[in-house]
1. Tell me, which residue of region 85-96 that is touching a residue at least 24 places away in the same chain (Cβ under 8 Å) and out of contact with any helix residue (DSSP H, G or I) (no Cβ under 6 Å at 6 or more places or on another chain) is farthest from residue 55 (Cα to Cα)?
2. Please work out if residue 68 is within 16 Å of residue 121 (Cα to Cα) and at pLDDT 90 or above.
3. Across region 59-74, what is the total count of residues that are in a helix (DSSP H, G or I), in contact with a strand residue (DSSP E or B) (Cβ under 7 Å, 6 or more places away or on another chain) and surrounded by 14 or more Cβ atoms within 10 Å (Cβ to Cβ)?
4. Kindly indicate whether any position in region 8-30 is modelled with pLDDT of 85 or more, part of a strand (DSSP E or B) and touching a strand residue (DSSP E or B) at 6+ places or on another chain (Cβ under 7 Å).
5. Sort out which residues of region 28-58 are in contact with a helix residue (DSSP H, G or I) (Cβ under 9 Å, 6 or more places away or on another chain) and buried (at least 19 other Cβ atoms within 10 Å of the Cβ), and write them in order of number.
């Protein structure tokens, strides 16, 4: 009897699970000011946090902070928020620009990077003042 030859086949490559990247907005609350740090993500991701800050009575203003290439995205976020959400009428209170020292990733020294800080206030807070 002849033995059946077994065909050697390569096993199919295992597909790696690609974890969906869940984006979390970096933000903090200091007293009556809410701060949202803007990155290079889609501007629409920042709107819910801005709305929740501006609708709270204890928060008077929201600051959008961005560094480097994200500066243009911060301007887009503030302008699109003002134009799209008419029910929460907002106004730009002030804009600060400058440079700051940022630590390097290897934690050996610092480098200088441009930043922008856009302060938004809602019209209801302005009327109460």
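1. Going through region 85-96, the residues touching a residue at least 24 places away in the same chain (Cβ under 8 Å) turn out to be 85, 88-95.
Imposing the further condition that a residue be out of contact with any helix residue (DSSP H, G or I) (no Cβ under 6 Å at 6 or more places or on another chain) reduces the set to 85, 91-95.
Details: 85: 12, 91: 14, 92: 16, 93: 17, 94: 20, 95: 22 Å.
Looking at the filtered set, the residue picked out is 95.
2. Working: within 16 Å of residue 121 (Cα to Cα): no; at pLDDT 90 or above: yes.
Against the criterion (within 16 Å of residue 121 (Cα to Cα) and at pLDDT 90 or above), residue 68 does not qualify.
3. To start, the set of residues in region 59-74 that are in a helix (DSSP H, G or I) comprises 68-74.
Then keep just the ones that are in contact with a strand residue (DSSP E or B) (Cβ under 7 Å, 6 or more places away or on another chain); that gives 68, 71, 73-74.
Okay, now just the ones that are also surrounded by 14 or more Cβ atoms within 10 Å (Cβ to Cβ), so 71, 73-74.
Within region 59-74, residues that are in a helix (DSSP H, G or I), in contact with a strand residue (DSSP E or B) (Cβ under 7 Å, 6 or more places away or on another chain) and surrounded by 14 or more Cβ atoms within 10 Å (Cβ to Cβ) number 3.
4. no
5. Across region 28-58, the qualifying residues are 34, 36, 38, 46, 50, 54.
The values are calculated or read from the model by the stated rules, or taken from the named source; none is laboratory data. Only a predicted model underlies this, so the values are computations on that prediction, with no experimental measurement involved. Using ideal geometry, Cβ is built from the backbone for each residue, glycine included, and neighbour counts are taken over all protein chains shown.
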